[in-house]
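Engineer: Here you go, one structure.
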Amino acid sequence: MRKLTYFVACSIDGFIGGPDGDAEPFYRFVDAEFMEEFLKPEYPETMATHGRRALGIDDLENRRFDTVIQGRASYDLALGIGVTSPYAHLREYVASRSLEESPDPHVEIVADDVVGKVRELKAEDSEFDIYLCGGSRLAGALLGEVDELVIKTYPVVLGTGMPMFAAGFDVTEFALGEVRAFGNGVLVRTYGRKR
């Protein structure tokens, strides 16, 4: 069974972006050490295709994921800069009730039963897992399906914004796995779901 991994950036106070979803405060922490010792060797497929091309690393092979699912608000960030397939190196799904058709043949819209779709994807025979890109509402809807959390905590406090999970009160336990600290103050924690 494949895992659904929520690979997410957040502030010290648990927000994945400002009230409008803007994650700009986190960008300056993706420095050479973080890129060379973490993102490129371990999670290269979590970088958007257009970003990989700009950095000249589009040839990096996928290490963990072959599929990405993201919410409409996350997808809109790409659409806002004219990118219709932000993760062209992965199979792309966007959970949206408001997008009637995909603006890109590589992107499949999941309008209904996103939990059922994720369960179908998890049941596939593959050596790769599924990357839950965000955002907040989708992560909240899929909390019951999340098997692993990889939380990149950036050394900033936002005060308010989009929480990691926009969901009702529901205590869900995860077990701490690895913890890594980087010179720029970023802390990466990996958790596995307690079943």
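The values are calculated or read from the model by the stated rules, or taken from the named source; none is laboratory data. Worth saying up front: this structure is predicted, and the values here are computed from it rather than measured. With ideal geometry, Cβ positions are generated from the backbone for all residues, glycine too; neighbour counts draw on all protein chains shown.
Engineer: Could you run through segment 166-195 and say how many residues are touching a Phe, Trp or Tyr at 6+ places or on another chain (Cβ under 7 Å), hydrophobic (A, V, I, L, M, F, W, C) and in a loop (DSSP other than H, G, I, E, B)?
Structural biologist: Total meeting the criteria: 2.
Engineer: Do any residues in segment 123-135 that are touching a residue at least 12 places away in the same chain (Cβ under 8 Å) and part of a loop (DSSP other than H, G, I, E, B) have Cβ atoms under 8 Å from those of residues that are among the aromatic types (Phe, Trp, Tyr) and crowded, with 24+ Cβ neighbours inside 10 Å, where the two are at least six apart or on different chains, and which pairs are they?
Structural biologist: 128/65
Residues checked against (1) among the polar types (S, T, N, Q); (2) farther than 22 Å from residue 47 by Cα; (3) surrounded by fewer than 16 Cβ atoms within 10 Å (Cβ to Cβ):
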{"residue": "149", "(1), (2), (3)": "no, no, no"}
{"residue": "161", "(1), (2), (3)": "no, yes, no"}
{"residue": "167", "(1), (2), (3)": "no, yes, no"}
{"residue": "171", "(1), (2), (3)": "no, yes, yes"}
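So that you can scan it fast, the table gives a plain yes or no per residue for (1) touching a residue at least 60 places away in the same chain (Cβ under 8 Å); (2) out of contact with any helix residue (DSSP H, G or I) (no Cβ under 7 Å at 6 or more places or on another chain):
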{"residue": "19", "(1), (2)": "yes, yes"}
{"residue": "23", "(1), (2)": "no, yes"}
{"residue": "42", "(1), (2)": "no, yes"}
{"residue": "54", "(1), (2)": "no, yes"}
{"residue": "61", "(1), (2)": "no, yes"}
{"residue": "69", "(1), (2)": "yes, no"}
{"residue": "89", "(1), (2)": "no, no"}
{"residue": "92", "(1), (2)": "no, yes"}
{"residue": "105", "(1), (2)": "no, yes"}
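Engineer: Quick check: anything in segment 79-91 among the hydroxyl-bearing types (Ser, Thr, Tyr), modelled with pLDDT of 95 or more and farther than 23 Å from residue 140 by Cα? Give the steps one after another, and end with the answer.
Structural biologist: Looking only at segment 79-91, we keep the residues that are among the hydroxyl-bearing types (Ser, Thr, Tyr), and these are 84-85, 87.
Narrowing further to those that are modelled with pLDDT of 95 or more: 84-85, 87.
Restricting the remaining residues to those that are farther than 23 Å from residue 140 by Cα gives 84-85.
Looking for residues that are among the hydroxyl-bearing types (Ser, Thr, Tyr), modelled with pLDDT of 95 or more and farther than 23 Å from residue 140 by Cα, one finds at least one in segment 79-91, hence yes.
Engineer: Further question: Select from segment 60-82 the residues that are out of contact with any Asp or Glu (no Cβ under 9 Å at 6 or more places or on another chain) and more than 23 Å from residue 112 (Cβ to Cβ) and list them in ascending order.
Structural biologist: 80, 81, 82 - these are the residues of segment 60-82 that are out of contact with any Asp or Glu (no Cβ under 9 Å at 6 or more places or on another chain) and more than 23 Å from residue 112 (Cβ to Cβ).
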